[in-house]
Amino acid sequence: MDLLNRHRGGLSAQLKNIRPAPDLFARLGGREVVEKIVDGLYDRIAEDPFLKPIFHDRAQGEHRRQKYFFEEWMGGEPRYLREIQGIGTHWFHRRFPIDRRFAGRWLRHLVESMREHRIPEPLIQEVAQVLGPMAHVLGGDGPPLPPKLAELAGQELLTALEPVLDRYPGEGRRLLQEALFDGDLERTRWLLDHDVSVHLPWPRDGLMLTPWCAAKAAGFIEGVGEVERRGAIPDIFSAAYLGDLELLQRFAELAPEGIHGLDPAADHRNLSPLHYAIGGDQPAAASWLLKVGAEVGADGFLLLRQAGNRGWVETVELLLSKGAEAQRIGPDRWVLNSEIADRLLAAGADVNLPHRHSWLRFCSAGSPYGDTLPGLATALVRLGAPLDARLGGRGPLHLAAGAGHFSQIEELIELGVPVDDPDADGETPLAHVAWSVEGADRAALTRLLLSHGADPLHRGGRGISLLDRTRRLKTPGGRERYRLMKAAVDARQGAD
């Protein structure tokens, strides 16, 4: 099986050889101690003029992901797997070069933090002996393009890259994948002529697609012929992603263990053909793999959630029968499909996981679906999501107004959320319209809330009515909102 997939590279094998002992997490002192070590690391990074510009601040959650990674990597709970569902750390780190100087400074700060928390010296050395080599493996794909090159595109970029392309092997593979999905034969040939690998994959939507697979997925027939002419070959992961059952069965006959095989190109997350079938939106391939014995790994709940979100009843049943943990599935679009919802809820799924406010992200500007799924809020509440949940002091209607989600606003009001529900600062959803996301139609949002009885004279935490606050706005949108509010006030006063 290794021979059939060796063209995909060997990142996973490299990383496997530099893993820590499985009991390291416990020997360091468990979650409390490891989280304090990471806090100390980020305190030092914040004071390092070389590293500080590279790392995000704590508000963006980067140090939280680092805590999850260390816990899982050192033998604790798989918190990183639950939170981070892409390829893994290698791809996060491609936004900056991990050279010897970078790795050395980062490792020194970590060691200092461990010493500050009185970790025994032998344990410190044990951590350093695996983290040092791993840092260099993670940077092995070359740095990202410098800013001046990153601003370029198309032929202008290729011309600028020509003398230095060998310094950026990862960028070459990224550009090749883009050319194939764009159906651009000229760019494809140029990159292959300049020694960009015709075999090594590049990430797309959390999976690793070879040039052959990318060309096939794009329906780029000339591109398929070009990469095949230069030696590209299919593999079981590509067959699963493309839903090519005939090719999938052929690979399974050649190497039956291949249906359980893990992609050698992947990072710390183990990716099997089943991941590729589900990620490639191929229910028939996913069901076939499960029927012939494909195993559900530690992240089976992620596969189960994906299948549920896509409405694949048979695949959901097969995954549950194989032991995929529905108990770890929280709110998502699966609630819109009654057949799927009944099965997942019976198996332990819960729309209030991991917290009773988790469902509110679908009302917010950070919703993965925006306002494209009418009925989602209704379905979530019907299945137990609490209408009185708060996220940052705001309820579902505040979040929906700030996100510009028209259908959700109507759903939530119909479900019983008061249109003038005050947030933690005493502000109503009508006030949140003023802070809505860029591109939102604030006049239309205002009109919608007013039509449901929102009060323009409500005095929030500032003690000034919304009408008076809006009166001061000079922008065209602000003037329109004031006109709408004033008309509503006048109409109510006239009615009185």
To the nearest whole percent, what portion of all C-alpha pairs in the range 147-233 is separated by more than 17 angstrom? 41 percent
Given charges at Cβ of Lys, Arg, Asp, Glu: the range 206-275 dipole, positive-most of 210, 252, 241: 210
Using distinct alpha-carbon pairs, which all enter the 1/r mean, Kirkwood radius of the range 289-391 in Å: 13.9 Å
State the Cα centre-to-centre distance between the range 352-369 and the range 148-168 in whole Å. 40 Å
Linear extension gain, residue 129 paired with residue 260, 0.36 nm per residue minus alpha-carbon span: 44.0 nm
Where labels lie 7 Å past Cα in the beta-carbon direction, separation of residue 193 and residue 46 in nm: 5.3 nm
Using DSSP to call loops (not H, G, I, E or B), can you name the GluC sites (Glu not before Pro) in the range 135-243 whose Cβ has at most 14 other Cβ atoms within 10 angstrom? 151
Residue by residue, what Karplus-based ³J(HN,Hα) values in Hz, rounded to whole numbers, does the range 388-393 have, using 6.51, -1.76 and 1.60 with θ = phi - 60° and x for Gly and Pro? 8, 5, 10, 10, x, x
Quick one: give the max-minus-min coordinate of the C-alpha atoms of the range 140-298 along each principal axis, largest first, in Å. 50, 32, 23
With a 10 Å Cβ neighbour count serving as the proxy for reagent exposure, in which order, fewest first, do 124, 45, 221 appear? 221, 124, 45
Could you pull out the GluC sites (Glu not before Pro) across the range 394-466 that fall in loop regions by DSSP (anything but H, G, I, E, B) with no more than 15 other Cβ atoms inside 10 Å? 438
Once the principal axes of the Cα atoms of the chain are found, what is the range along each, listed largest first in whole angstroms? 83, 57, 53
So which aspartates and glutamates can residue 52 reach, going by Cα to Cα under 19 Å and dropping same-chain residues fewer than 8 places off? 39, 43, 62, 99, 112
To the nearest 10 degrees, how steep is helix 300-309 against the longest Cα principal axis of the chain, on a 0 to 90 scale? 50 degrees
If you rank 276, 369 by fewest surrounding Cβ atoms within 10 Å, what's the result? 369, 276
Enter the angle in degrees (range 0 to 90, nearest 10) between the Cα long axis of helix 169-182 and the first principal axis of the Cα atoms of the chain, meaning the one along which they spread out most. 60 degrees
Can you tell me the 0 to 90 degree angle between the C-alpha axis of helix 406-415 and the longest principal axis of the chain, rounded to 10? 60 degrees
3J(HN,Hα) from dihedral phi, the range 350-356, Karplus parametrisation 6.51/-1.76/1.60, rounded to Hz, x for glycine, proline: 8, 6, 9, 8, x, 9, 5
Output the peptides 391-400, 249-258 sorted from most to least packed, where packing is the average of other Cβ atoms within 10 Å over each peptide's residues. 391-400, 249-258
Given 0.36 nm per residue, what is the gain on full extension from residue 490 to residue 451 after removing their alpha carbon distance, in nm? 12.6 nm
Sorted by chain and then number, the residues having a modelled amide H within less than 5 Å of the amide H of residue 145, at least 5 places away or on another chain, are none
Using the Cα centre as the reference, give the magnitude of the dipole from point charges on the C-beta atoms of the chain (Lys, Arg: +1; Asp, Glu: -1; all else neutral), rounded to the nearest 20 debye. 1240 debye
Name the lysines eligible as straight-distance cross-link partners of residue 291: C-alpha to C-alpha under 21 Å, and not fewer than 8 places from it in the same chain. 322
So which aspartates and glutamates pass the test for residue 486, namely a Cα distance under 12 Å, with those fewer than 8 places away in the same chain ruled out? 455, 468
Distance in nm between label sites at residue 32 and residue 221, each 7 Å beyond Cα in the beta-carbon direction? 6.7 nm
Residue order, fewest to most beta carbons within 10 Å, for 190, 334: 190, 334
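Every number in this text was worked out from the coordinates using simple rules, so none of it is lab data. For clarity, every value in this text was computed on a predicted model and none was experimentally measured. Positions of Cβ are generated from backbone atoms using ideal geometry, with glycine treated the same way; all protein chains shown enter the neighbour counts.
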